[in-house]
Amino acid sequence: MNDSAPLTITGLRKTYRISRKDKIEALCGLDLTLKKGEIYGLLGPNGSGKTTVLKIILDLIRPDSGNASIFGIPHTNYLARKSVGYTPEEAGFFGFMKGKDFLKICAQLIGISKAENAREVARVISAISLETESERKIKTYSKGARQRLLIAQALLNNPGLLLLDEPTSGLDPIGINCLREILSNLKNEGVTIFLCSHLLTEVEKIADRIGILLNGMLIEEAEVSAITAHSKLEDYFMQKVGSNPE
Ligand SMILES: Nc1ncnc2c1ncn2[C@@H]1O[C@H](COP(=O)(O)OP(=O)(O)OP(=O)(O)O)[C@@H](O)[C@H]1O
Ligand SMILES: [Mg+2]
């Protein structure tokens with residue numbers, strides 16, 4: 001890692017073609033820069049473009065135009081992804097597999113050597129307190145344990161930048177508290193976290209800064225402390241989104 005920003009996005013545009021005649025403009029020229037060590041909450045209604053941003057950063061889909069760089073490295077360069085961890089919005093697991101074995105395979109896939117595999121897997125299991133469940137088949141996991149397993153795989157490469165797509169979806173208050181603790185530990189270790197979420201009360205508690213994405217445009221960016229000095233994040237969000245009709 002270097003002194004460059006963990007993530008810089010400039011002029012990102014993305015159109016999905018859904019039929020010969022119709023297309024959806026998912027991103028309309030997005031500019032965004034993350035500061036090192038912050039938790040940035042990207043908020044926005046369903047369909048506002050959050051997942052599209054993450055997929056472009058990871059080079060899973062290509063934008064029509066615009067650029068992104070990760071610690072100064074163009075996002076299309078595979079080296080950029082060496083410093084990124086990612087938890088997708090929806091994940092499919094092989095239920096017959098034990099959590100520990102799933103993590104071993106993930107470690108192999110990202111090039112962790114045989115000699116270091118067990119140690120690194122144990123490290124991430126401990127980081128997200130999955131010791132008990134890791135010996136069990138994934139099909140026996142609660143939603144909360146599955147979410148923690150997803151985060152565990154994202155930590156295997158010691159990422160400097162963590163991209164989380166709706167990590168709290170389906171979690172109960174205890175699971176949410178647990179996730180908050182994990183994220184705040186990671187932040188204390190210097191990890192920058194890009195958190196896409198609908199759970200505004202949670203983002204209010206954990207994020208340093210937020211951006212509001214609406215119809216593929218960033219309509220607001222603010223420090224959370226500046227917002228909460230006057231109102232709840234939820235009220236602020238509703239006001240901003242409501243005053244920007246589609
Ligand atoms: N593969 C695709 N093909 C066509 N349209 C798509 C595709 N993926 C996303 N879209 C459209 O692009 C827009 C942005 O979708 P995206 O999934 O990025 O939004 P989102 O903010 O992540 O939504 P949510 O909060 O529901 O997860 C939406 O209008 C969606 O219907
Ligand atoms: Mg999404």
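The values are calculated or read from the model by the stated rules, or taken from the named source; none is laboratory data. For clarity, every value in this text was computed on a predicted model and none was experimentally measured. Every residue, glycine among them, receives a Cβ derived from its backbone with ideal geometry; neighbour counts consider all protein chains shown. Just the protein is used for accessible areas: all its heavy atoms, side chains included, with ligands, DNA and RNA removed. Shrake-Rupley method; radii C 1.70, N 1.55, O 1.52, S 1.80 Å.
Can you spot a residue in region 28-45 that is charged (D, E, K, R) and without any contact (Cβ under 8 Å) to a residue 12 or more places away in the chain?
no
Which of the following residues is part of a helix (DSSP H, G or I), more than 16 Å from ligand 2 (Cβ to nearest atom), open to solvent by less than 10 Å² (accessible area, probe 1.4 Å) and of a type in the set (A, V, I, L, M): 80, 68?
Result of the check over 80, 68: 80.
If residue 209 passes every condition in (1) in contact (Cβ under 8 Å) with a residue 60 or more places away in the chain; (2) in contact with a helix residue (DSSP H, G or I) (Cβ under 7 Å, 6 or more places away or on another chain); (3) over 21 Å from residue 12 (Cα atoms); (4) open to solvent by 20 Å² or more (accessible area, probe 1.4 Å) but one, which one does it miss?
(3)
For residue 55, indicate whether it is open to solvent by 30 Å² or more (accessible area, probe 1.4 Å), at pLDDT 95 or above and within 16 Å of ligand 2 (Cβ to nearest atom).
yes
Quick one: would you say residue 90 is closer than 27 Å to residue 51 by Cβ and of a type in the set (Asp, Glu)?
Yes, satisfied.
So for region 87-97 (the condition being in contact (Cβ under 8 Å) with a residue 60 or more places away in the chain and out of contact with any Leu (no Cβ under 7 Å at 6 or more places or on another chain)), does at least one residue qualify?
There is at least one residue in region 87-97 that is in contact (Cβ under 8 Å) with a residue 60 or more places away in the chain and out of contact with any Leu (no Cβ under 7 Å at 6 or more places or on another chain).
Could you tell me whether any residue of region 155-162 is within 25 Å of residue 29 (Cβ to Cβ) and touching a residue at least 60 places away in the same chain (Cβ under 8 Å)?
Yes: region 155-162 contains one or more residues that are within 25 Å of residue 29 (Cβ to Cβ) and touching a residue at least 60 places away in the same chain (Cβ under 8 Å).
Do we have any residue at all in region 51-67 that's of a type outside the set (Asp, Glu), within 28 Å of residue 200 (Cβ to Cβ), away from ligand 1 (no atom under 16 Å from the Cβ) and touching a Leu at 6+ places or on another chain (Cβ under 9 Å)?
no
Considering each residue of region 68-113, count those that are out of contact with any helix residue (DSSP H, G or I) (no Cβ under 6 Å at 6 or more places or on another chain) and over 19 Å from residue 134 (Cα atoms), and give that number.
Qualifying residue count for the region: 17.
Looking at region 1-50, which of its residues are of a type in the set (Gly, Ala, Ser) and away from ligand 1 (no atom under 11 Å from the Cβ)?
Matches in region 1-50: 4, 5, 11, 29, 37, 41.
Read through the list (1) more than 15 Å from residue 219 (Cβ to Cβ); (2) within 13 Å of ligand 2 (Cβ to nearest atom), then give the number of the only condition that residue 15 fails.
(2)
With 138, 219 as the choices, which residue is free of Cβ contacts under 8 Å to residues at least 60 places away in the same chain and within 30 Å of residue 73 (Cα to Cα)?
219
Which residue is nearest to ligand 1 (Cβ to nearest atom), if the candidates are limited to region 84-100 and must be surrounded by fewer than 19 Cβ atoms within 10 Å (Cβ to Cβ) and under 18 Å from the mean Cα position of the chain (by Cα)?
Result: 89.
Within the bounds of region 118-128, is there any residue that is crowded, with 20+ Cβ neighbours inside 10 Å and acidic (Asp, Glu)?
There is at least one residue in region 118-128 that is crowded, with 20+ Cβ neighbours inside 10 Å and acidic (Asp, Glu).
What number goes with the only condition from (1) in contact with a strand residue (DSSP E or B) (Cβ under 9 Å, 6 or more places away or on another chain); (2) aliphatic (A, V, I, L, M); (3) open to solvent by less than 40 Å² (accessible area, probe 1.4 Å) that residue 107 does not pass?
Only one criterion is unmet by residue 107, namely (1).
Restricting to strands (runs of 3 or more DSSP E) lying wholly in region 143-246: which have 3 or more residues that are in contact with a strand residue (DSSP E or B) (Cβ under 9 Å, 6 or more places away or on another chain) and away from ligand 1 (no atom under 16 Å from the Cβ)?
Result: 217-223.
Can you tell me how many residues within region 182-200 are under 23 Å from residue 145 (Cβ atoms) and open to solvent by 40 Å² or more (accessible area, probe 1.4 Å)?
Residues flagged as under 23 Å from residue 145 (Cβ atoms) and open to solvent by 40 Å² or more (accessible area, probe 1.4 Å) within region 182-200 amount to 6.
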